[in-house]
Every structure is written in structure tokens, then in C-alpha cells.
1. From the list B:Leu456, B:Leu391, exactly one residue is within 8 Å of another protein chain (Cβ to nearest Cβ), outside any helix (DSSP H, G or I) and touching a residue at least 40 places away in the same chain (Cβ under 8 Å). Which is it?
2. Tell me, please, whether a residue that is within 14 Å of chain A (Cβ to nearest Cβ) and among the hydroxyl-bearing types (Ser, Thr, Tyr) can be found in region B:350-363.
3. Go through region A:439-458 residue by residue and tally those that are in a loop (DSSP other than H, G, I, E, B), without any contact (Cβ under 8 Å) to a residue 60 or more places away in the chain and surrounded by fewer than 18 Cβ atoms within 10 Å (Cβ to Cβ).
4. Among residues belonging to region B:404-425 that are surrounded by 11 or more Cβ atoms within 10 Å (Cβ to Cβ) and out of contact with any helix residue (DSSP H, G or I) (no Cβ under 7 Å at 6 or more places or on another chain), point out the one that is farthest from A:Glu637 (Cα to Cα).
5. Could you run through region B:481-510 and say how many residues are within 14 Å of another protein chain (Cβ to nearest Cβ), in a loop (DSSP other than H, G, I, E, B) and among the charged types (D, E, K, R)?
6. Looking at region B:713-720, can you tell me whether even one residue there is under 16 Å from B:Tyr756 (Cα atoms), outside any loop (DSSP other than H, G, I, E, B) and among the β-branched types (Val, Ile, Thr)?
7. Six or more apart or on different chains, Cβ under 6 Å: which pairs go from a residue in region B:406-418 that's in contact (Cβ under 8 Å) with a residue 24 or more places away in the chain and within 13 Å of another protein chain (Cβ to nearest Cβ) to one that's outside any helix (DSSP H, G or I) and surrounded by 12 or more Cβ atoms within 10 Å (Cβ to Cβ)? Could you list them?
8. Select from region A:2-53 the residues that are in a loop (DSSP other than H, G, I, E, B) and closer than 30 Å to A:Thr238 by Cβ and list them in ascending order.
Amino acid sequence: MAKIKRKGESGAAKNYVTRNQALKKLQISLSDFRRLCILKGIYPREPLNKKRANKGSSAPATFYYHKDIQYLLHEPLLVKFREHKAFAKKLARALGRGEWALAKNLEEAKPVARLDHLVKERYPTFTLALQDLQDPLNLVHLFSTLPTNPIPGKTLVPSAVIAECSRLISEWKVWAIRTHSLKKVFLGIKGVYYECDVPGQGGENVRVRWLEGYEFQQHVPTDVDFRILLTFLDLYRTLINFVLFKLYTEENLVYPPPLDEELDERGESVGAFRLVEKKAAEGVDGTGQVSKKAVRKAIKGIKASGADADVEMGEDEDEAAQDEDAEEDFVERPSKADEVEDVATAPLTTYNSLLATSSTPSTSRQSLLFSPYTFYLSRETSSRTWEFVIRAMGGKVITSLSAPSPSDGATADSITHVIIDRPMTAERMREMESGRKWTWIQPQWIADCVNRQKIISSEGYGPGQLLPPHLSPWDGEGEVYRPWLEEENKQAAEGAEAEEEEDDTIERDAVDEDESEDEEEEADEDETAAGEPSYPPALLASALDPENASLLHAAELEAETNGTSHADFRAQLKEATKANASKVKSNAAGVAGTNKKKANGGEEDLRKIMMSNKKAKLYEKMQYSNRERAAEKEKLEKKRVAIEKRKRKEARS
Amino acid sequence: MASRNATASSSRVASRAAAGPSRVPPSTKTKKRAVEEISVEDDEDEFGAAGSGIDMSDDDEEEEQVEGEGGEDDQEEEEFPEFDSELEDGEEDLVAGEGEDASDGDDESDSAYGEEEDDEESGSESGYNSSDIEAMYDSSPATSPSSSHKELSTDEKLSKMIAKHSVKPDETLGSDAKISGAKEGVGRLVPSKLVEGGYKREYEEYEAGYGSESSTEDNPNTVGNIPMEWYDDLPHIGYDVNGRKIFRPAQGDELDKFLANVEDPNAWMSAEDKLMQQSVQLTDKELDIIRRLERAENPDADYDPYQPTIEWFTGEGKERVMPLSAAPEPKRRFVPSKWEHKKVMKIVKAIREGRIIPNKPSAAKPTVYAIWSDADQANAPHAMYMPAPQLPPPKTAESYNPPEEYLPTEQEKEEWENMDKEDRKTDFLPQKYDALRLVPGYKNLVQEKFERCLDLYLAPRTRKVKLNIDPESLIPKLPAPKELKPFPIACSVQYRHPGDTRVRATSVSPDATFVASGSEDGVVRLWDLGNGREVWRWDLKSGPIQYVEWSPYKDEALLVALVEGKVVVMSPLALVAPTVAAATLTHVNTAFASSAATTKMGAGKEVKGTEAIKWVRPSEKERERGVLVYVEVPGTPKQVAWHRKGDYFATVAADASNKSVLIHQLSKHATQSPFRKLPGAVQRVAFHPTKPHFFAATQRYIRLYDLAGQTLLRTLQSGVKWISSMDVHPGGDNLIVGSYDKKLAWFDMDLSAKPYKTLRYHTRALRSVVYHPTLPLFASASDDGTIHIFHCTVYTDLMQNPLIVPLKILRGHRITDGIGVLDLRWVAGKPWLVSSGADGEVRLWCS
């Protein structure tokens, strides 16, 4: 006889526990449980049958997977929580009694919860960690831009945490610059999105995307609970630390990259990192503690080797670089005392310093998009964003700090592009160029170039010009069809071959291309508008009705006035008639087609009678969503056509 | 004994607590005790003087109050009760043992009792009383009793010595000796007579005390404590020791009693003593008790409920310091621990030798290290593991400079603003800025990140399978309708009824020449199938025609029409071939010849009330019009089902209770009711096309009966709410059922008792379902005004399910009053369909 099954001992009733049951079982407070859940990545579940999971009660409850809670029972963190609770009590007592020595001793032996095991547990492989890096990077960046008291009078964010966040995000970027792994940039209304290709376990590339808000003070709503965010941040910081360690180690670099104390003293928090090759560091100090002196020494050595290795750079360029190094300047920032408060809002540094020491990059500079160019960043552009992007793509950057104006300083000759985000007259531009040949562009040009992985024409990107739309590089296949983009791409692809041969004439080529493109576009538009070669109206009319003699006569008269020969006229008429006939035919076919479609539709309707109920419902759902999507698409397309029409009208009048 | 003693003392305490300190012992006893106490006191006088250095405790005062009656000079009585009693006892015992031996009778036991009682009193009143405590405190060598020994008489000394040596020194002689004495019972050690030099403990007789039976009060009643009513009818009241009767004391009669009462001024305060059989005069004290009891007062006159409180431990100079132990602080409390010292020295040594480094920073793990290696393996996938979904990448709509079509119109903006936050498709409105420098900071960045965090740890996760299939693949693969031709496609002939009357029924003659229709105006019309001309009509003048049906027998032209209470058998004799007409007439009229227009029930069982069914020959005039027979039946018959041979037909009248289903035989003019009891309201019936089986459909079930064996063969569960129509496949193994709840159920009777397919494609109730008699077609008509044509191939192979293919929807009938198409018939041998509708039309649909 089969075993008697009792209610509530198997299935959903056994698989799920409510939150209160979990709390009782773990004997911890709700806030500790929350922390544990965040750190361990435990989340509520939605049982298929809530009533069954809740042992017959239909009261609203949050359910957790029974085994998740079971595993929490022997979590080392739980022990740490308890230890900390005891410690807090002891410390409070000691302080209350004024036993300062005891308090000091206790404070020294404070139990510290480490999250290393959680990182390994939650992300057993490096690839998994990378796949989940988006949220950590977003949050860490967000915190690096926050003040210590985001909501006055509420939870404080320790300034050390903020400093660590900004260190982590800079280290991440430094790594991205060094390995040139930046693939996409997108300027959204929420901020700038970046995407990197990061080599995971076994060399498979993982795409990591993160968002950096624009450099403004963040608006923090009062209902944001920073305790939750800080708990997440604890885990994320640990995770990013380990990821960076792995990435740096694979690049044969010392992690954490030592801080140049001198630069640090000058108020340089991010730029003070120096990338040090592992061997050099080991030679200096066995313990891994890198002294300032050692760093200096290492830097010198690397500089020398870097100059040797950098074959592509000409002699003068090298000089220029050295000059750059020498007079390397950084963003002015408030004094150190203020900085504690202000770490968040402080603008980032130039990346010159970051890369000054990087030895031969892993990818050859030749293949990089911007390697032949030097960009001047005008002061209203965000150096945090554009320096990172340009350097990651192999370009060189001169900021407005080293030279207040592009024409200033010795670097003026090496500049190829000036990135400017404000209107400027052509005269002024020419004046500043003073014979040199600079390309004046708005920052969007860089993002568009990166996204298309090629240098696009700077036409339309000039200062003060109305920019072409900036499209998301993550637009999928189901997005709105834009024929003009396709064509542009094709043209660009054709042009690219020519581009390779003559580097010098890129600009002009691009311009030419653009022009020709424009022309073609126009032609295309005409074609699509008329749908056929243009004929005089009378001729058209007669073609429509070939039997009508009066129309024919009118057409002949018109031809005479136009000065067309009779033979030509005949040929034209014949052609027009033919075209017309084909059109009529196609129309008829179209009508027939729709009829047929209708008939087919009727038939399909009938076949649907034989579907099972389940399938019929599924089919309806799918059809509904398809229809929704199509409607959305159609709406956008319609809007686009309307806008184009309006624009054309405006252009004509 | 010890335990008894203890319990007795405790009970005493309880009783005293209830009764208060002033007891009311029997006077005799009190006196005796007083004497005893005095005698004891005499002995103690010196002792009391010796102990005069000791503080007078409150205890004594209390004792004084309590024992007020006892005597004035027993002040010192309780000074050292434990010592006294023990010693005294011992001494007395010794004396008694030597002198009077066993004859220490009442006196001694009484004295012992007295002693003991006092003992107990002090012990029980304050189990751990203050005098004890003080004694303990003051037990310094200076005030020890030994010093006072000098003042003791030599006799006393001697007796004490004897006592000391004769009694094993008691360790508990200290602080709580008294308690322990009380506990273990104070017995006397008496030299054993049996064992040389041995002692035995001998306990005093225990007197239970006041109110007990063994009290010293002499009881003149010698008959014993028996209910005296036993002797009510006897002259005596018991027996004396020698067995002689004790006679009842002389008592006067009632009059005497009354007179005595009147005469005796004390009569009111005398009571009858049952045991003594005499009246006893109550003492003043007893009367007082009675009075007090009447007034619900404490019966004890001396009891003072408002005594002043006695402060034992509170008040000036009476506070006690805890702990109560007088033990001196041990030395170890003041001397540093040797072992601790040793331990500390060990550590000190270890530190000096460098084995222990104080304040050494713990060898912490490095903050970062290589946590991942290339050999790492991902966890095995588990059904309950659901990683959080990644944030979707930003689309062009989020661009700071999107193409213009992405920008919302004013209306869309307003809609977005008015929508709830949860309902919005995107959390932002697309916006366009001319230059990057004009883009403001995004206000909701922190909020969004916070919400993401909340989602990560608070949002329940479920696995949702996203089907990535072509929806078209869900549609079953069926042969194209055009491959399954011929089937009716279009309406070719219309048979219009005047006045748009509802045409409830239609039928096509088996030779496919005529269409009969029965309309609600009570006329059965006969139409030429091909050209739609009305060729004949019968005006039955008895309400709407419910049903018409041609006999399927081709050699006869018989038509049955149903009206209220009547089944009419007709034939268009003038229109058919003479041979057919003759055959029809013979078939119908033979029975008239034999039974002259009478009614006869069939061979079936007699059913009560069948006399109502009559086969009536119509009048001559009607017969000329072709009406052959009337069968008068109960209720309104609604359906006719012909047997394939054209002799039997069944009618259903739902409102005719147990005679709703009737089977009529034309050749014999016989009617039988096959069911004695019906399983429910029968909706439709049908004959099996080949076997002698009979289908009857109730509202929900279809039952198959064997007519020959008269048994129920099967019950099919339709799964629909209300069956409206039914038809049997010509093969006999399949069945379709239409229902008022818009469903069509196909039964494969070889397969199951439940429908093989239930189709729901009509939007209104189904009215009629019919199989084509020869072609693989069936059709259904509904109130939605449409007729659906289906192809249905039934395979002879049992393993293969029937193939059903929807072919065509025929539209044309108008819906009037919510009713569309009412009846359908196929034209025999052709893929043509005849339908009748509520719009007063009969239509012929041709391929």
C-alpha cells in the first residue's frame, strides 16, 4: 500500500516559508534578516498556489524558498551579526561606566564581517560576476557622486565609503582605458551609458554596461532608505574590488594601483593612481606595500620603456608628450579640507596622469579609432566623459586646463579635432585655427563614431549646428525602420575603402560623401514621392486615358511648347501609357491580393475553430502583443512621415 | 511519629491562626496544663537567671500575651527552649526510667505533652524566630552557657552531664536544632531493655487536643457513639459493660414537657442532648457563643480583630542585616589566589620568552585576492534558482537627441502625466535637447537606483516561459477546403413564406423533389426543390407546426407533421407517381380495415393513460387533400424520428410527463411508450441507423437503449448544459450534439462516453445539427444566423480519429427576435442543404 500522504508535509506547503516563519526560525530581527537577504541574494518567491503554500490561509504573505532559509541557518554572517550585537552591548556598557580602557580594547577587537565568501558563493565563476556587474557599477558610481549626508538628518554615508566608490570607479575606468575595451557610448537623458567588453573566464567576452549620471548635484528624495542602499553597496564594493583585482592581475598590474602621494596631496584623488607592472613592484617590496619612492622609480623606468615601445609616435610627438607630462595640469578643486564633503561633486581629473605610466597597451594602437588624432576639449564639455572615451579609443586629449584655448600653448599644432559644445562663428574659428586645420565638432560626434566603430563625417556636427539624431547602439531589430540610416551606412561602407588609402583627405571625402548622399537622398525622395520619371501633366493625362483624342491633342500641344520632338513625344507617351497600365494592373493585383488575403483570413478563421481552448487563448495573446508592437511601430513611422512632410514644406516656403 | 508530630503542629498553627491567640480550651485541661507549666518553671528559674544576660526578645512579649492565661511567671519559659526541653526530657526520662519504670502514667505523659506542646508552640509560631537568631549572634564564648554553668546547682550539673553523656552529641544543636527537633519528633532515648547498653527512642503519647475524642472530658454515655434513633422504639437506650440494658431515663409526655418548660425559667436555655437522652442546660459561655454565631461574629469572646500590629523586623532598631549567616568571611576572600597567580605567571613567562606577543594584529586575510580561477565551475542549474533580470539597455527614445518622431505629443504627455507611476510604460518622457551642454541632471536617478535595489531583494521572482514560436504554428494543419469539395457554398433557391412567419421545420423528400416546411402560421407547405414554387399546402389549423419529416422510405411519400396534441400523417398523393401513392395508401390504411378507426395500444406494456392516444381517420375532405391519419397524443410533440424502414416513427413531447417518448407503428396503427419512467426531460430521440437501438437525449446526457432487449446500453456525458439537437452518423458509431450553450459535441462512441471534440464557434445557441446521409459532411445552424459546414471523415480503422474540417460559413438568414436559423436538412444524394429560419425563409444552398 502506498504511503499515506498527509496535508502540509510535501509540495508547496513544504517548499515555501513565510517571512515571519523565517524570522522565527533564524531568531533575528527584521532588519538583520533584510541585510542577510540582500547580501546573500535571497529573494521572495511567488508560489503557484499561494493558499497551498500558506497552509490553507489566504492571508497576504511574503514567501521564501524553504531551503534558502535553511542554508541561512549556518551562514557565518549570522554569527557575525550576533557577535556584533554582543559587542555593541559591551561597548555601550563600557562607555556608560566610563571605562575608557575597556572600551578601547573592545573597539580594537571589534568583530568585522567580511563578505569574501559571499562573492565567491554568489558568483562561482568570474563570468557570472561580470554578467552581474551592471548594478554594482551603477550604484558605486552613484555613490561616488553623493554627499556624505544625502538626506539631511538621516543616515550618513561615511566619507570613506564615498572615497572608495570613486576610487573603484576610477580604477575600473583606468582598466578600460588601458585595455581599450570600451565599445559603446550613449548619451541619454538619464546620463551617459558605456559598454565594455570584458574578458571573462576562458576568454569569453562579457559585455558590461553601466550608467553615469551627468555631473550635477543628485536630487535625493527623502523616502530613499540609505541603509538598504549601503548594504547593497557593501556587497558591490567587495565584488568590484575582487573583479578589479582579477582584471588587473591578468593585465600583470599591481592591484590596488598605488596612489602617488604627491599627486594626492595636490588634491588629485583619481589621477593619482599609477599603473605598476607586477614585476617592478615585487622588486621593490616583497610585502606589496609600495612606497612613494618605489612608485617614482617604477614610473621613471616605465616612462623610458614606454617611450621606446611607442614606435608610432614621432620624435616630436614624444617630445610633446613629455611636455604634456611636464606641464600636466589638473582640474582645480577645493582644498583638501573641503574635499571630504565634496568628494562627490568634485569633477574628475584628466586622464593624462592615469595613463602616463601605462606601458605598451595590450591592443596595438594602430587599430584604434582615434589613435591618429589629438582632441582638444573645450571647457564646457565634460572631461570626465570625453577624456575617458577618447583615451579608451586610443586618442590623445588636451583639456582646457592645460591650454585655456586651443590656439594657446605648444600643443596647438598637434590638435586635429576641437570638441566644442557652444555656438561659434566661422570667423572666430578661422581666427583660432590661424592656418592650421582643425575639425570643429560637437561631443555627440565622438559617441556616434564609437558606436559605429568608424570615423564618420563631421558634417552637421559643427559648433552651434543642429545635430543629427543620436541613436541608441542597443536598438534591436524590432526598432523603427529608417531607410535613410541604412543608406548612409552603405555609403559610409563604400567610402571606407577609399578612406583607408588616403588618410589625409578624410575630411574632404566625408564632406563629399555627405553631399552626394544628400543629393541621392533627395533624388530618392522624389522618386518615392512621384514613383516614376516625371512627365508633363498633359502627357500624363493622356497616358491615363489613351483613347481620348482631346487629351492626346493637349499633350501634343504641350510637347510642342516644351520643345520635344514628335518622336520623343511618341516614345514618352508610349512609356507613360505602359507605366500607367502596369500601375493599374498592380493596383488591381493589389485589390485581388487583399481580397485573397481576406479569403485566406476567412479560411484561417475556420481552422481556428479546431484549436484547443488553451492554444486558442495563447494564439490570441500572441496576436495581441504582435498587434500592439506593430501599432507602435506604425505610429512612429506615421509620425516620422508627417514630420518629414512638414519639414519639406517649410524648406520650400 | 515525627512526621505526624510535624503535621500536627502545622495544623495547630493553622487552627490557631484561624482562632487567634486566645484559645478556649476545656477548663479542666487548662488548669492541668497550668500546673504542669508551673512545675517546669520551677526548674528553670535558675536557668532563666543564668540566661538573664540575653536580650528579651519580642517573642517573649508575644508569648506573654498569648499565654496570658497560662500564668504570670512563665516569662522565661521560652528562653532557651531547645536546650530545656531536651535536657528536661532526658532528665525526667532518666528519673522515670530508674524509678517508676513503666508506671509513668497519665501524669508523666501529660507533662511530656505539656513540654512538647510548648516546644511546638514556640517552634511553630516562628519557625526561625528572632530569639534563635539572637542566640546565634550572641553565641560568643563570653556569653556561652558554659560560663553560666557555675551558677547551676550540682544536681543540675550532674543531670546535664548525664544527659550529655547519655545522648549522642547532636550536631544540629546549633542554630536550628529546634526546628530539626520539631521535624524529627522529640523522642526520649531510653535505655533499651533488650540490648545491653543500647538506647531506644521512645515517644510521648500524642494528645490530639481540643475536640478530639480522646479528650479527658469524661463521657457519661456508655453506649457508644451510635445514632440514638436506633433505640427510639425501645425502652432502653443501650447496654452497659456487662451487657445489661440501660433504660431510658424517665421522661414525661408532651404535656409534662410543656409544663416543665413553662415552670422552669431556664428552659429556654436548655438543649436536648441526644446521646444522653436528656436536656442539658447551656452555660453562659455556650450561650454567648451561640449569640455571637447568630450575629455572625467570631464565637470567641476574647478575639480582638483590631489588634495593634506587632512590628517584628521594622521600626527603630529592629532592622536586620542580611545575610543571616554569621559565618566569618573565609580567608580566601582576602588572600590573592595562588592558582590565578600561577596562571598569570605562566603568561608573563610566555610574553618574556616571546611566545605570546601582546596586541599583535591578527593575521588578517588580505582584502583582495584571487578569488576566481579558471577551474571554477558554475553551479548546476536548479529549478528554484532565478537570477535577477538585467536592466534592459536604453533605447533611442532615451537619447538626449532622439529623432523627432519619438517625442511625445501634447496629448501623449498629458496621458503619461495622468497615468499612475506603476502603469507607465517608460519611467521617463522622451525629450530633445539641441546640445549636450543643455541637458539637465536627471532628477530620478537616485530614486530609480533605490527602486532597483528594492526590486532585487523584495520583489518575488517567478519563472515565466516566453514562447518564441510563430503563432501560426498553433493553428492545426488541416486539408484546404477546396480539396474537400463539393459542399454547399451559396444560396441558390429561396422559398419565401408569406408574412415572414417563423419556419420551424423543414424536410426534403427522399427522392429530392420536394421540400416540406412547417411554419408557425399552422400551414405545411410543399415546395418544388428546384424552382422554389409552392406546389401543395395543408392548412392544419391547429397552431404552429412544430416539426415536419418525410419518411425515409423511397417507395412511399409519407410526411409527418406535428402540431399541438396531434401527429398528422400526410402524403401529397396527387403529386407523386400513382404507384407510390397506392403503396402509401395501402401502408397507412390497412390498419383501418382491421380495426375501423379505433385506437389500439401496441404490444408494449400497458401504460396508464394511453387511452388518450388515438389513431383517428380524418374526414373525407381532408383525406382528399392527402391527410391520412391523425394520432392524438398527449402534450405538444416537438420532434419526429423515423425508423429507416419507414414503418415506425418516434415522437417526443417534452411536456407529456412519462409519455413524452412514443413509438408509433403505421402499418398497425399502434403506439407504444417504450419507457415506463424517463430519466429526465427528453429533448431529442433518434433511431440507430443499423441496429435496433434507440437514442434519447435529455438535457445533459444521451442514453442509448436496446429496443429489442429493452435495456440501457450506454450513457454519454455531453458536458454541455442543455442539448438542443442531435444527429447520428449514418455509420452509427458517431454522434453530434448541439446545445443551447453554443457548443457542438462530437461523440465517438467507440472511444469514450465523453465527447471526442467539443467545438465552440457559434456565438449563439445551436438550433440544429445534421449529418449528410451519404457524403462526409455535417452542418450546424445557430441563432447567430449562420450555418457552418464541416467535412467529417469517419475512418473504418478504429485507431484513427475522425477528421473534422471546417469548410464554410453560410450567411443569409436574418436574425429576427434573437432567433436565426431553426432547422437544417441535407438533400439526399447531393451536397445541398436546405435551411429554414425565423425570418420566414427556407433556403437551398448548393455547391
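1. Every option except B:Leu391 fails the conditions.
2. yes
3. 0
4. Per the criteria, the residue is B:Met419.
5. Adding up the residues that qualify gives 1.
6. Within region B:713-720, one or more residues are under 16 Å from B:Tyr756 (Cα atoms), outside any loop (DSSP other than H, G, I, E, B) and among the β-branched types (Val, Ile, Thr).
7. Cβ pairs passing all conditions: B:Tyr406/B:Pro430; B:Leu407/B:Pro430; B:Leu407/B:Lys432.
8. Correct list: A:Gln27, A:Ile28, A:Ser29, A:Gly41, A:Ile42, A:Tyr43, A:Pro44, A:Glu46.
The values are calculated or read from the model by the stated rules, or taken from the named source; none is laboratory data. Computed from a predicted model, the values in this text were never measured in an experiment. Note that each Cβ is placed from the backbone with ideal geometry, even for glycine, and that neighbours are counted across all protein chains shown.
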